[in-house]
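The values are calculated or read from the model by the stated rules, or taken from the named source; none is laboratory data. Values in this document were obtained by computation on a predicted structure and should not be read as measured data. No Cβ is skipped: glycine too gets one built from the backbone with ideal geometry, and neighbour counts run over all protein chains shown.
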Amino acid sequence: MDFPILTIMMLVPLAGALACLFAGSASRVIALGATLVTFVLGIMLWANYEIGGAQWQFQEKYELVAGFSYALGIDGIALMLIMLSVFLMPICILASWDSIKKRTGEYMAAFLFMEVLMIGTFAAQDLFLFYIFFEAGLIPMYLIIGVWGGDNRIYASYKFFLYTLIGSVLMLIAMFWMVSEAGTSDIPTLMQYNFPGGAQTWLWLAFFASFAVKVPMWPFHTWLPDAHVQAPTAGSVILAGVLLKLGGYGFIRFSLPMFPDASADFAWFVFILSMIAVIYTSLVALVQADMKKLIAYSSVAHMAIVTVGLFAFNVQGLEGAMIVMLSHGLVSGALFLCVGVIYDRLHTREIERYGGLSINMPYYALFFLFFTMASIGLPGTSGFVGEFLSLAGIYQTSSLVALVSTTGIILGAAYMLYLYRRVAFGDQKNADAAAMKDITAREWIMMTPIAAVVLWMGVYPESFLAPMRADIAALDALLSAAAPASDAALTGGEPLSEAANAIEFEGHEGEAH
Amino acid sequence: MDTQILIIVFAPLIASIIAGLGNKALGNTIAKSITTGGLFLSAALSWPIFIGFLTGSNTAEVVPVLQWVQSGDMSFDWALRVDALTAVMLVVINSVSALVHLYSWGYMEEDPDQPRFFAYLSLFTFAMLMLVTADNLVQMFFGWEGVGLASYLLIGFWFRKPSAGAAAIKAFVVNRVGDLGFMLGIFGTFLVFQTTSIPEILAASAGMSGSTIGFLGMRLPTMDILCFLLFIGAMGKSAQLGLHTWLPDAMEGPTPVSALIHAATMVTAGVFMVCRLSPMFEAAPIALMIVTIVGAATCFFAATIGTTQWDIKRVIAYSTCSQLGYMFFAAGIGAYGVAMFHLFTHAFFKALLFLGAGSVIHAMHHEQDMRYYGGLRKAIPITFVAMLLGTLAITGLGVYHLGAGFAGFWSKDAILEAAFARGTTTSTVAFWAGVTAALLTSFYSWRLMFLTFWGKPRWIESEHIQHTVHKTPEEAGEDTTGGYHPHESPIAMLIPLVVLSTGAVLAGQVFAPSFIDDASFWAGSIFYNENLIHALHAVPYWVKYSALVVMVLGFIGAYIAYIAKPDIPAKFVSSFGWLHNFVFRKWYFDELYDAIFVKPAFWLGRQFWRLGDIGTIDRFGPNGIAAVVQRGSVAAKTIQSGYLYTYALIMLLGLIAAVTYVLL
């Protein structure tokens, strides 16, 4: 690769970030410009990605000290997650356009730094480079919550920090061990390396500690509702849209290919946590009075569908999990934007303060309905394709896990429609909510592209599945040897000789009816 | 036929998008014209296809549209499949939908949100068409959920009313319980057949009938468990016993919606599904027995409730539920053609009854309680005649030896005869349940007619009427009409009534030979049980006349109770209060579900949140660690500034130090 596009995709927002630090109020325009340029670069990246070509494309490698190198490169999975990040970024800048009043320059810089680090995380091909991006990506998030967050922002950012720190330390230790064992920190090489069985267990657990918190899996999820509630709108969008995907990405990039046997051994552990998450967090979402908390809890339930899909050990499960991640990134991001739209007008997230918004904000109600439906997996939206494949995948491994996880479609409908009813249906019981104006041009520009992609992914997901197909097939081939036994297996038998309702008829037919 | 099919399916979608997004900017008349025009176009194109199948000149066809999902061995595409079974559904859906669109011009005249209403109606029609043209189970599920969405939106159309919002959620969530079964059924089917293509599954079904499959740790007969799971989906959509609770509440939607969605089309999707998959069900004897029992139980259970309700729409809603039960047990005993025939005739007379009820409600200023009707036959004569014909059709008036009867006579009697002819214990139970339900059907249908159209006007007791005439019952005195003058509905509402009346009278007579007796009409699109049809015609005369007898008995019963001796119902209620309450309260299903599902879900949610998340995880997790750290940190206070940047910086420095240490 002659043109170092991945590095440039990181340099553009980096330059933008530095400029924002000194630009004051012009920083909004700079940030928007930088994110748009990065998005265009992302489209070029996708357009030039050769489906069915080499597994790792756009590779760049510069040796640094002692085997540690600046190595970038992407496969289809990373490509899709990078696309998700660069697509959401300009929307986040727009969402912060009017609502961020203090330290705008620093705020925009934090977002742009985060974009650099997210692209870096997905593109890194060196274990330590990945670690640096992975962990450092959280620093701008701490700042966004801690500086521009709500009233209880210190507690939230601190909780966020504490959770992620503990997991990260264990993962770092595991990484050192792996590098000394395998003699390289090159991720593609490590993905092919056979770690001894006993060591896999410990390595798997160490990585799990970090990824489970990021996903987040029950019971490591309690930082998420607080972080979401306190974060500004755009912070929530990136948190739900991209940062939660780091955990899933970690599983699919490290845990599954590097420790397949341990992954199989721990599959039921993951299933049990995921099943609890689906039911537990859905029920908790049902009783929330705060919109953001409700959507945050729903994220935990949705991410549980990702983890069951990942550990289903088959192609449908893996592809489904990836599509759920992409879809959830778009849909929950959009739902947080929807909350932001009315929060900007009324400055409260309390559901009871709204009501009857279909009357004074019909187009807002339409978008909100659309994303609600996408969130509960209505076919034709991205949510369905992901959930369906993921659950179809897990059914082949365990009908029990499939049954419990699929109850999420009932509970999800219950809490989302209950939310929608209280916000958009009913009478206008609060005068100030009734006086709110429908969405502005800026808000239209934020919502329409997401809605379009959600539909695209729902109706023609091939565009998104095709780049990942070869990578997932390779992973599946690697995993198939370790796959746990299925409890839904078919056993052949002698077919019945005739149809169930076959009857003898000998009598004479009566007169024609 | 290809282009025709594409237009039939996509015209309603395009019309819906234009009307929905254009909304107020487009104006009422344009939005209504586009959607109604689109539907009449679809209907006009559907009939030639249906007739082509009747005459045998059409054959099954699949129009590919777009690739959908390809994941490993699993792949399914967007495609439109039209065979005889689909053709039947096409004419039912498009005809009723076009008429309901037209009717709504009159019924929704004064509504401020007409474009939205028409857009939803057309959107519904599109989803329903996608459902019936599905070539694979997943597209069927797309249509299935699409109609669910449209139903949700239309039930909640008057969203300011809290009851409408609640009913809309209930409909969606209860249906989702069924969808859970449907989805698991699709997953299991894929696991067994490695495909979701309906023709391929049906072709391979018989060969799988002896195999077993693991399910929740049990070993079960493959086909029975798959069909049972899929049938749970059908139970939800078609409001069968246990998952029926949403249907009566769905009457919160405007009446044209009840006619289209909750009578003629969407609720019959479950029956359609079982018929579409009939070769699969024929490989699943246990599942079929469950279908028969559930159908028979529903047809009896819903009919009992229908006899006690006062709301005119709720009576018809329970009637729908009950008639769907007939269709299911017909399918369960293997008479799929007969089930589809009843679906077909029922669409006409039930849509007629709902639209007729809408016309009554329109005339009575939105009053739906039959206690405040009475004597309306002279005030709204056309509506009266239409309702009368609908009642004769649903109660199944017809005489075997004359070879003549209303629509319901041909289809319902055929179901009862088939159940008798089938000759198993289950089918015999279903036969008797069906006969009893026919008695109750006749009773509640005539009760509705007598309360509404006969007797003295009781209008002034209605609050709606009181508001209109500005009088209390005391002020009105002797004149129980309160001086209110009900008006016959406008022409846009009467045309659909006339067209559907024709259907209710003739649909049975004209189409019975094809639907019931002609295997070549179905051309393999359903499992056609030749011997059962022969046996059906050979049942004894008392069976053939049983439906007519109970119909007359029901009529006489209703006549005595509501015309000859109107004090009888009150006496019955006072002496059998417990029984009346049990039935009037709808067998306490709502109370039961509220107590075992709804309330516990909220209670558990609160416990998990307060005791789980806050009380346990946070307390011993982050907050606990924080407390420990705080106590032990006095010494280290100097470096612990409390600022996150410092923590982060230390972490990064530590990382770099560690990397350097290991690697150098």
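Points to keep in mind about this one:
- From the options B:M208, B:M223, B:M183, residue that is at the interface with another protein chain (Cβ under 10 Å from one of its Cβ atoms) and without any contact (Cβ under 8 Å) to a residue 60 or more places away in the chain: B:M183
Residue-by-condition table, conditions (1) over 28 Å from A:L88 (Cα atoms); (2) in contact (Cβ under 8 Å) with a residue 12 or more places away in the chain; (3) more than 7 Å from chain B (Cβ to nearest Cβ); (4) not in a helix (DSSP H, G or I):
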| site | (1), (2), (3), (4) |
| --- | --- |
| A:M468 | no, yes, yes, no |
| A:D487 | yes, yes, no, yes |
| A:S497 | yes, no, yes, yes |
| A:A500 | yes, no, no, yes |
| A:F505 | yes, no, no, yes |
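- Once region A:455-466 is narrowed to residues that are within 17 Å of the chain's Cα centre (by Cα) and within 8 Å of chain B (Cβ to nearest Cβ), the residue that is nearest to B:F76 (Cα to Cα) is A:P461.
- Test result for A:V423, more than 20 Å from the chain's Cα centre (by Cα), in a helix (DSSP H, G or I) and either more than 10 Å from chain B (Cβ to nearest Cβ) or aliphatic (A, V, I, L, M) (or both): yes
- Leading residue by the ranking (surrounded by the most Cβ atoms within 10 Å (Cβ to Cβ)) among those in region A:365-396 that are under 23 Å from A:D290 (Cβ atoms), within 10 Å of chain B (Cβ to nearest Cβ) and under 19 Å from the mean Cα position of the chain (by Cα): A:I376
- Hey, A:I276 modelled with pLDDT under 95, surrounded by fewer than 24 Cβ atoms within 10 Å (Cβ to Cβ), over 28 Å from A:S185 (Cβ atoms) and within 14 Å of chain B (Cβ to nearest Cβ) or not: no
- So B:L439, is it buried (at least 24 other Cβ atoms within 10 Å of the Cβ), more than 14 Å from every other protein chain (Cβ to nearest Cβ) and more than 15 Å from B:G390 (Cβ to Cβ): no
- Among the residues of region B:473-489, the ones that are touching a residue at least 12 places away in the same chain (Cβ under 8 Å) and in a loop (DSSP other than H, G, I, E, B) come to 11 in all.
- Among all positions in region A:405-428, there is at least one residue which is in contact with a Ser or Thr (Cβ under 9 Å, 6 or more places away or on another chain), within 30 Å of A:G355 (Cα to Cα) and among the polar types (S, T, N, Q).
- Of all residues making up region B:497-515, the number that are in contact (Cβ under 8 Å) with a residue 60 or more places away in the chain and either of a type in the set (V, I, T) or surrounded by fewer than 18 Cβ atoms within 10 Å (Cβ to Cβ) (or both): 5
- Note on region B:411-436: residues that are touching a residue at least 24 places away in the same chain (Cβ under 8 Å), surrounded by fewer than 24 Cβ atoms within 10 Å (Cβ to Cβ) and under 21 Å from B:V552 (Cα atoms) amount to 2.
- Candidates B:L154, B:L137, B:L216, B:L191: the one that is closer than 25 Å to A:V315 by Cα, among the hydrophobic types (A, V, I, L, M, F, W, C) and more than 10 Å from every other protein chain (Cβ to nearest Cβ) is B:L137.
- Residues in region B:54-91 that are buried (at least 18 other Cβ atoms within 10 Å of the Cβ) and in a loop (DSSP other than H, G, I, E, B): 3 in all.
- Restricting region A:313-364 to residues that are surrounded by fewer than 24 Cβ atoms within 10 Å (Cβ to Cβ) and at positive phi, the residue that is nearest to the other protein chains (Cβ to nearest Cβ): A:G356
- Going through (1) hydrophobic (A, V, I, L, M, F, W, C); (2) part of a helix (DSSP H, G or I); (3) in contact (Cβ under 8 Å) with a residue 40 or more places away in the chain; (4) surrounded by 24 or more Cβ atoms within 10 Å (Cβ to Cβ) one by one, B:A134 falls short only on (2).
- Total residues in region A:349-383 satisfying the condition of being under 19 Å from A:S299 (Cβ atoms), in contact with a Gly (Cβ under 6 Å, 6 or more places away or on another chain) and part of a loop (DSSP other than H, G, I, E, B): the figure is 2.
- Scan region A:445-466 for residues that are free of Cβ contacts under 8 Å to residues at least 12 places away in the same chain and under 21 Å from A:Y364 (Cβ atoms) and the total you get is 2.
- For region A:202-250, filtering for residues that are part of a helix (DSSP H, G or I), aliphatic (A, V, I, L, M) and closer than 21 Å to A:L143 by Cα leaves 13.
- Screening the candidates B:A284, B:A317 for the property of being crowded, with 24+ Cβ neighbours inside 10 Å and in contact with an Asp or Glu (Cβ under 8 Å, 6 or more places away or on another chain) yields one hit, B:A284.
- Residue in region A:46-66 that is under 24 Å from A:A240 (Cβ atoms) and either aromatic (F, W, Y) or out of contact with any strand residue (DSSP E or B) (no Cβ under 7 Å at 6 or more places or on another chain) (or both) present: yes
- Every residue from region B:531-548 that is within 8 Å of chain A (Cβ to nearest Cβ) and either surrounded by fewer than 18 Cβ atoms within 10 Å (Cβ to Cβ) or over 19 Å from B:S411 (Cβ atoms) (or both): B:N531, B:A538
- Residue selected from region B:381-410 under the condition part of a helix (DSSP H, G or I) and within 11 Å of another protein chain (Cβ to nearest Cβ), by the criterion farthest from the chain's Cα centre (by Cα): B:H401
Here is a yes/no grid of residues against (1) within 13 Å of chain B (Cβ to nearest Cβ); (2) polar (S, T, N, Q):
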{"residue": "A:M108", "(1), (2)": "no, no"}
{"residue": "A:V116", "(1), (2)": "no, no"}
{"residue": "A:G120", "(1), (2)": "no, no"}
{"residue": "A:Q125", "(1), (2)": "no, yes"}
{"residue": "A:Y131", "(1), (2)": "yes, no"}
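- Any hit, region A:53-75, residues being out of contact with any Cys (no Cβ under 7 Å at 6 or more places or on another chain), away from chain B (no Cβ under 12 Å) and either hydroxyl-bearing (S, T, Y) or within 22 Å of A:I450 (Cβ to Cβ) (or both): yes
- Picking from residues in region A:201-215 that are crowded, with 24+ Cβ neighbours inside 10 Å and not hydrophobic (A, V, I, L, M, F, W, C), the one that is nearest to A:L88 (Cα to Cα) is A:K214.
- Residues being over 30 Å from A:A489 (Cβ atoms) and in a loop (DSSP other than H, G, I, E, B) - total across region B:214-241: 4
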